[in-house]
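The values are calculated or read from the model by the stated rules, or taken from the named source; none is laboratory data. Just so it is clear, the structure is predicted and the values come from calculations on it, not from any experiment. Cβ: placed from backbone, ideal geometry, glycine included. Neighbour counts: every protein chain shown. The area values use the complete protein model at the heavy-atom level, side chains included, leaving out ligands, DNA and RNA. Shrake-Rupley method; radii C 1.70, N 1.55, O 1.52, S 1.80 Å.
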Amino acid sequence: MSVPAFGLGTFRLQGQVVIDSVSTALELGYRAIDTAQIYENEADVGEAIAASGIQREELFITSKIWVANFARDRLIDSLKTSLQKLQTDYLDLTLIHWPSPENQVPVEEFMGALLEAKRLGLTRQIGVSNFTIELMQQAIATVGADNIATNQIELHPYLQNRKVVEFAQSQGIQITSYMTLAYGEVLQDPLIQQIAQRLQATPAQVTLAWAMQSGYAVIPSSTKRANLQSNLAAMALTLSDADMALIATLDRGHRLTSPKGIAPHWD
């Protein structure tokens, strides 16, 4: 897979909180870190990475371009600013965070600029986030499916996003699941809890294992060392086909993130 199956998310974490989260995660063995311009924590993430002493080539750092920076004359400059904050010469993956509101900047323009950033060596790979099938088709028409490493989308047992997943996978585009635990909602699910109890695992481990076994990358976040360590153990958990089929029945189109004015018309 072009994107590591397991990484650390940093959404909503800032200042010392994110520095501690990233530092602890790196110490525990995490090597993929996901941030974004709009999180306003790139400098903090960069500080934690620099202090870890881990070689840059061992890490996989992802950030996302915010909608205000989509114009051709702004995108690359904004990416260079992100690199300065993260104290690195390149990103492993740079994503378009959300589609351009009301198509103010055409897909062709920002994907073209993102591909140019890749050609310049500012990022190893490029991709998209929160893209519908139609938007993925436009992105593919601009840069080719081979140049789109992933579509990072809200995906958890209650929102399995099957149409988008099916299309992306048919094009060889990997899916990265964010909010895999649905802000903790799925951890209270009786079915998930039952599977967890039987496997002597936690509900979080079961949910993360389900996503990875489905072929998705996951980026759970936590501020607690015990949870960071526990989540990491999901990589060693294998669910049976029967358990995977049971979790498939939980899909109910329950979407948690759809910001007004930015969110596209979902599939």
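Is it the case that region 58-72 has a residue that's surrounded by fewer than 19 Cβ atoms within 10 Å (Cβ to Cβ) and farther than 26 Å from Q14 by Cα? Among the residues of region 58-72, at least one is surrounded by fewer than 19 Cβ atoms within 10 Å (Cβ to Cβ) and farther than 26 Å from Q14 by Cα, which makes the answer yes. A Cβ distance below 7 Å, combined with a sequence gap of six or more or placement on separate chains, defines the contacts here; from region 245-267, residues that are closer than 15 Å to S129 by Cα and open to solvent by less than 50 Å² (accessible area, probe 1.4 Å) reach residues that are aliphatic (A, V, I, L, M) and part of a helix (DSSP H, G or I) in the pairs I262/V67; P264/L135. In region 104-138, the residue that is surrounded by the fewest Cβ atoms within 10 Å (Cβ to Cβ) out of those that are among the hydrophobic types (A, V, I, L, M, F, W, C) and farther than 26 Å from F60 by Cβ is I133. Within region 216-243, the residues that satisfy the criterion of being closer than 20 Å to Y30 by Cβ and either free of Cβ contacts under 8 Å to residues at least 24 places away in the same chain or out of contact with any Ser or Thr (no Cβ under 9 Å at 6 or more places or on another chain) (or both) are K224, A226, N227, L232, M235, A236, L237.
Of all residues in region 12-48, those satisfying the criterion of being among the β-branched types (V, I, T) and surrounded by fewer than 22 Cβ atoms within 10 Å (Cβ to Cβ) are V17, I19, T24, I38. If you go through region 91-135 and keep only what is of a type outside the set (A, V, I, L, M, F, W, C), under 18 Å from Q169 (Cβ atoms) and out of contact with any Asp or Glu (no Cβ under 7 Å at 6 or more places or on another chain), you end up with G127, S129, N130, E134. Of the numbered conditions (1) assigned to a strand (DSSP E or B); (2) hydrophobic (A, V, I, L, M, F, W, C); (3) open to solvent by 50 Å² or more (accessible area, probe 1.4 Å), M235 fails exactly one; give the number of that condition. Among (1) assigned to a strand (DSSP E or B); (2) hydrophobic (A, V, I, L, M, F, W, C); (3) open to solvent by 50 Å² or more (accessible area, probe 1.4 Å), M235 violates only (1). Quick check: anything in region 76-84 in contact (Cβ under 8 Å) with a residue 40 or more places away in the chain, under 20 Å from the mean Cα position of the chain (by Cα), closer than 23 Å to F6 by Cβ and open to solvent by less than 30 Å² (accessible area, probe 1.4 Å)? Within region 76-84, one or more residues are in contact (Cβ under 8 Å) with a residue 40 or more places away in the chain, under 20 Å from the mean Cα position of the chain (by Cα), closer than 23 Å to F6 by Cβ and open to solvent by less than 30 Å² (accessible area, probe 1.4 Å). Scanning region 216-232 finds no residues that are among the β-branched types (V, I, T), closer than 30 Å to S23 by Cβ, in a helix (DSSP H, G or I) and under 16 Å from the mean Cα position of the chain (by Cα). Is it the case that G9 is open to solvent by less than 10 Å² (accessible area, probe 1.4 Å), at pLDDT 95 or above, within 19 Å of the chain's Cα centre (by Cα) and within 26 Å of I173 (Cβ to Cβ)? In short, yes. Among the residues making up region 189-231, those that are touching a strand residue (DSSP E or B) at 6+ places or on another chain (Cβ under 9 Å), over 22 Å from R162 (Cα atoms) and open to solvent by less than 30 Å² (accessible area, probe 1.4 Å) are S222, L228, N231.
On the basis of being closer than 13 Å to L95 by Cβ and in contact with a His (Cβ under 8 Å, 6 or more places away or on another chain), does N147 make the cut? No; evaluated as a whole, the condition is false for this residue.
Hey, could you check region 168-188 for residues that are farther than 20 Å from R255 by Cβ and touching a helix residue (DSSP H, G or I) at 6+ places or on another chain (Cβ under 9 Å) and say which is surrounded by the fewest Cβ atoms within 10 Å (Cβ to Cβ)? Within region 168-188, the match that is surrounded by the fewest Cβ atoms within 10 Å (Cβ to Cβ) is G172.
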